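The values are calculated or read from the model by the stated rules, or taken from the named source; none is laboratory data. Because the structure is a prediction, the values reported are computed rather than measured. In this analysis, Cβ positions are derived from the backbone assuming ideal geometry, glycine residues included, and neighbour counts consider all displayed protein chains.
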Amino acid sequence: MGRTTQARRDWMGVLARADAARLADLLPEVPGHDMLRPPEVGAVMVRGRVGGTGAPFNLGEMTVTRCVLRLACGAVGHAHVQGRDKRHAVRAAVVDALMQTDQAARIDAAVLAPLAQAEAARRATRAAKAAATKVEFFTMVRGEDQ
């Protein structure tokens, strides 16, 4: 309890990007809950920036599933996940709600930490593949340029 807004953004981001099967392995039992907003599939507009920092533009739409639920203890969890996997959205919302209870430390260690490690490994692998394609250009000094 007493988590910061940034910390919540971080764990919700990890849950949204997590592999649904891995999340299901880490959280096989979903505690009892009431659906405030059952999982529903929709689309969001993805925006990009020219050159990464320039003017924004609409890149295209992405399918997203969202869910809001309340645990028996009263904690409310929200989730938005890429794709159409409603079970992934429910589990992500359950984890978000559990992170707002006295079980936060246990859930962080048992669920969020392994998901964050898996994400870091995926990013490192992707970066290594991209680095392998890097081309170094150099200019040789020609005699008449001296």
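In summary, helices (runs of 4 or more DSSP H) completely within segment 82-146 and bearing 3 or more residues that are touching a residue at least 24 places away in the same chain (Cβ under 8 Å) and either loosely packed, with under 10 Cβ neighbours inside 10 Å or among the basic types (Lys, Arg) (or both) occur at 86-98. Of the set (1) assigned to a loop (DSSP other than H, G, I, E, B); (2) touching a residue at least 12 places away in the same chain (Cβ under 8 Å), all apply to GLY54 but (2). Checking MET1, MET99 one by one, the residue that is at pLDDT below 95 and either out of contact with any helix residue (DSSP H, G or I) (no Cβ under 6 Å at 6 or more places or on another chain) or of a type outside the set (D, E, K, R) (or both) is MET1 and no other. For VAL64, state whether it is assigned to a strand (DSSP E or B) and either surrounded by 15 or more Cβ atoms within 10 Å (Cβ to Cβ) or in contact with a helix residue (DSSP H, G or I) (Cβ under 8 Å, 6 or more places away or on another chain) (or both). Yes, satisfied.
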